[in-house]
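The values are calculated or read from the model by the stated rules, or taken from the named source; none is laboratory data. Everything numeric in this text was worked out from a predicted model, so none of it was measured. All Cβ positions, even for glycine, are placed from backbone atoms using ideal geometry, and neighbour counts span all protein chains on display. What goes into the accessible areas is simple: the full protein's heavy atoms, side chains included, and nothing from ligands, DNA or RNA. Shrake-Rupley method; radii C 1.70, N 1.55, O 1.52, S 1.80 Å.
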Amino acid sequence: MSQQPYDLSNLFGAALEAMAANRQEINALDGYNGNHGDNMVENLHLITESLQEKSSQTPAEALGYASQRLQSDGRGGTSQYYARGLGQAAEQLQGHASLDGNDVMSLVQMLLGAIPSEGHQPQPQAGGSVLD
């Protein structure tokens, strides 16, 4: 039995909705400048929009485009890490006509793995970083 292919813009759209719903809580956890939730909402919006623009292309091409847009127009210091993760995912998905469940898990792992756990913290923060 084959799996239904996953739509990248829908996946990132769901992440955008979840982030938007929790924006203030994430901002409150950000001990550096208090805007990580705001930045993530803007970045996920940019990613989702980019993936929708390239919905007729392969996952690798769409993710590569989203990576480039995030590199040039992303907000906040972590945008470059996410752009790198999207670029790595695009490389890994070369030759895939669509995404299956394994591809989605790899994509999530790459995006999360692209961000250093110490983030931007200049000094230790009680309770850890928002990225931890």
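Quick notes on this one:
- Taking the Cα centre of region 6-74 as reference, the dipole from Cβ charges on Lys and Arg (+1) and Asp and Glu (-1) amounts to some 100 debye.
- Share of carbon and sulfur in the accessible heavy-atom surface of region 1-81 [1.4 Å probe, %]: 45
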